[in-house]
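> Below you will find the structure I want to go over with you.
Please treat every number below as a calculation from the coordinates, not as lab data. Note that this is a predicted model, so its numbers are computed, not measured. Counting neighbours? That spans all protein chains shown, and the Cβs are built from the backbone with ideal geometry, glycine included.
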Amino acid sequence: MAPTPVTIITGFLGSGKTTLILNLIPQLPKSYKLALLKNEFGDVAVDSQLAGSASISGVRELLNGCICCNLVGQLEDALFQLRDSVSPSRIIIETSGSAFPATLAMEVNRVAREHPGTFTLDGVISVIDVENWKGYDDTSYTAKMQAKYTDLVVFNKWELVDERKFDDALDRVGDLDVQVAWVKSDRGWVDVDVIMGIDGAMVREQGLRGAIEITDEQHQLQEQLQQSHEHGHSHGHDHDVHVHHQDEVEVLSVVVRNADSSRPPQGVVLQSFEDLLLSAPKDEVYRIKGLVLSSNPPPDSTGDSKPSVAVDAEGLGLYVLNWAFGRWTYTPLPSSAFQAMEGASARLTFILARGESNKWIRRLEKGDFIALESDDGKEERGELKIEKIG
């Protein structure tokens, strides 16, 4: 059984965390099961009925305290109860404005380390209410800490302010002196490929290639979903401020093959490929996901390696790469998955911040990062095909 991915969504009270979660649901496969672990601070769980009405499974309320403070010892029990009772595709921890995401992330990582194969931390998302965050920043140390200890900042309610106020919020994140990815929501809507990495449930529902690759058809469907969302929120808003999916996220499809098509696929040179994973700036690259052939078990960002479960005629294993916010994992695949490669050595999808695709096309075309193993033990350049989606 593959580890259950855990996503932490934090932000100050009223910033729009629940809205963000609800807007992920129509973007997911129909059989995908989210389990929401809510951490409410106070006497009343304000959002519980709303979350339950959207068919999020396994809602477990932890009231009268904060998970990462006096209830941190109970987080492990809550995670296992959700995992065992509803077998979720993913667990989302939605925290109150008083929670410190760094402590939550460390606790999830501790549970994953002490119970291998149970959970994996996929990302920490901080939602910022642009309309009110300046006030929070002036009065709340917690609001500033939430933005600092996060993988991705989602700027929410920016449509309700002028450009100067949004620039002020962006400058305040910059003042934290940390490299952090950020994206604007469209009235609480953010592309699911930015928020979530690939997982086993997506592969089962969409197939291996379908879960990893983003095609023009999928891109158009995403546009239709977002336009439907916009129409549902059009009353009383200025349509000129709409920012569409393709304006906030850019997607590259990258396929690497043997330059000599008569030869079988070769493994990717892990050292140079790891240089790419290490050097990808978190404020430029949101996620990298894909399939990679390798003659040796590739190491995760923690240094751990998982042995292959099957090899092809050339002795190569096939792995799923899941890179997010400077961390990555490799998952070995069975022999039945090799046909998805269609003769390629690597199939990758880069999900980039707005305006970054042309730079990354040039960077990848230099050939410094994705080299192939040759028969004599040296490196050689493969045939690289890069396509901008959308």
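> May I ask you to list the lysines whose Cα is less than 20 Å away from that of residue 359, ignoring any residue fewer than eight positions away on the same chain?
Candidates past the 8-residue exclusion: 282, 289, 385, 388.
> While we're looking at this one, here's another question. Determine the gain in length on full extension of the stretch residue 358-residue 376; use 0.36 nm per residue of separation and subtract their C-alpha separation, reporting nm with one decimal.
Roughly 3.1 nm would be gained on extension.
> I want to check the label-to-label distance for residue 388 and residue 30. Put each point 7 Å from Cα in the C-beta direction and report it in nm to one decimal.
According to this spin-label approximation, the distance is 3.6 nm.
> Per the Kirkwood definition applied to all pairs of different Cα atoms, how many angstroms is the hydrodynamic radius of segment 243-389?
15.6 Å
> Over what distance in Å are the Cα centres of segment 315-342 and segment 105-127 separated?
Their Cα centres are 21 Å away from one another.
> Sticking with this structure for a sec: Taking neighbour counts of Cβ atoms within 10 Å as a proxy for exposure, in what order, fewest first, do 248, 373 appear?
Exposure proxy ranking, most exposed first: 248, 373.
> Can you work out the Karplus-derived ³J(HN,Hα) for every residue in segment 273-280? Use 6.51 cos²θ - 1.76 cosθ + 1.60 with θ = phi - 60°, whole Hz, and x for glycine or proline.
Taking θ as phi minus 60°, the curve returns 5, 5, 4, 5, 5, 6, 8, 5 Hz for segment 273-280.
> Averaging sequence separations of C-alpha pairs under 8 Å and six or more residues apart, then dividing by the length of segment 243-389, give the relative contact order as a whole percent.
Across segment 243-389, relative contact order equals 39 percent.
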